Each structure stands twice: as C-alpha cells, then as structure tokens.
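Chemist: Dumping the structure here so I can ask a few things about it.
Please treat every number below as a calculation from the coordinates, not as lab data. Keep in mind the model is a prediction, meaning the values are calculated, not measured.
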Amino acid sequence: MEYGIGQIITFDYEPVLPRGTAATVTAKGEILGLSSSGRVLIVKIIEAQDADPDTRAELIGSTRPIDRRTVTSVEGSAIERSCGTCRWFDATYAPNEDDPELAYGLCEWPAERLPASLRGGNRERSAMNPADGRDCPCWELRVEGKAAA
Ligand code: SF4
C-alpha cells in the first residue's frame with residue numbers, strides 16, 4: 001500500500017459539524033495517514049477557503065477523514081482524473097515510450113469493491129490507456145510517499 005504522509009493536498013470538503021452539515025468548502029490539509037482500505041485519507045486541515053468564520057474556526061487544526069476521490073490537487077499540482085493518475089492502474093502491462101498514446105496498463109480495481117453503478121461493467125483486469133477513465137467513478141488518487149506498509 002502506498003502512503004502520502006506529509007503531503008499537502010487540496011480537496012472539496014462538505015464539513016459535518018456539531019451544528020449540522022455546512023456548505024462545501026475548498027480545503028487544504030496535510031495527510032497524516034490512510035485508512036486500512038486506502039480509500040480514506042486522514043487529513044489535518046490547514047486552510048478552508050469560502051468557509052464562514054465559525055466553520056473555518058472549527059475546521060482549521062482539526063483532523064478529519066476524507067474520501068481520496070475529493071482530492072483536486074497535491075502540493076499545487078492539478079490532478080487530471082484518469083487511469084494514469086489512479087492508484088488502481090498498473091502501467092507495466094504494455095508501456096510505449098515512443099508513443100504514450102498507444103500505451104496500455106491494467107485496471108486493477110478489485111471486483112469485490114465494484115460500486116453498484118459499475119455492475120455489469122467490471123473493469124478489473126481490463127486494458128486501459130493512461131488517458132482513459134476521466135469519468136470513472138472508481139478513480140482514486142495514486143499517492144506516493146515516504147513510507148509503505
Ligand atoms: S478504470 Fe477507473 S479504477 Fe480502473 S484504473 Fe482507470 S480510473 Fe482507475
């Protein structure tokens with residue numbers, strides 16, 4: 001499993017607060033860890049744009065679990081949602097250094113985690129181009145970091 005501990009990410013966040021759910025904010029935070037499934041990032045929030053003062057006060061400095069699919073950038077780099085940036089993409093299947101558009105990897109999304117929206121369209125072990133998958137509901141950011149377990 002890959003970890004991105006210490007990386008700074010920006011993500012869309014709908015805060016659940018004691019007084020209810022607040023409007024979605026653009027938040028920035030430091031990755032402190034990942035859940036055992038790898039789907040959830042544990043993040044310490046350091047910025048909350050577009051939030052009202054009360055929400056901002058409650059969010060900043062707090063540690064919260066977020067869905068990694070809500071991540072929009074890592075340390076200032078915009079993330080293009082595609083198979084090439086997805087943690088489930090195995091690029092070693094048929095790389096093509098001369099013409100990346102003709103490269104193929106395998107989608108390794110585990111079938112038992114397939115969401116209902118993709119039933120009947122299982123992509124597990126399907127050959128995918130790195131540019132594919134822009135609208136894939138299974139896309140999850142590939143995070144590479146300092147430590148692995
Ligand atoms: S098809 Fe979806 S889950 Fe599979 S590698 Fe591409 S973006 Fe990831």
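Chemist: Would you please give the residues with an amide H less than 5 Å from that of Gln7, counting only those at least 5 places away or on a separate chain, with H modeled from the backbone geometry?
Modeler: Residues meeting the amide H criterion: Ile31.
Chemist: Now for a separate question. Over its Cα atoms, what ratio of radius of gyration to 2.2 N^0.38 Å does the range 48-110 give? Write out the running numbers ahead of the final one.
Modeler: Details: Rg = 17.8 Å, N = 63, 2.2 N^0.38 = 10.6 Å.
So the range 48-110 has a normalised radius of gyration of 1.67.
Chemist: Another question, then. Taking amide H atoms as placed 1.01 Å from N in the peptide plane, list the residues 5 or more away in sequence, or in a different chain, whose amide H sits under 5 Å from that of Thr72.
Modeler: Thr10, Phe11, Asp12
Chemist: Mind listing the long-range amide H neighbours of Asp132? Cut-off is under 5 Å, sequence gap 5 or more, other chains count too, H placed in the peptide plane at 1.01 Å from N.
Modeler: HN-HN under 5 Å from Asp132: Cys83, Gly84.
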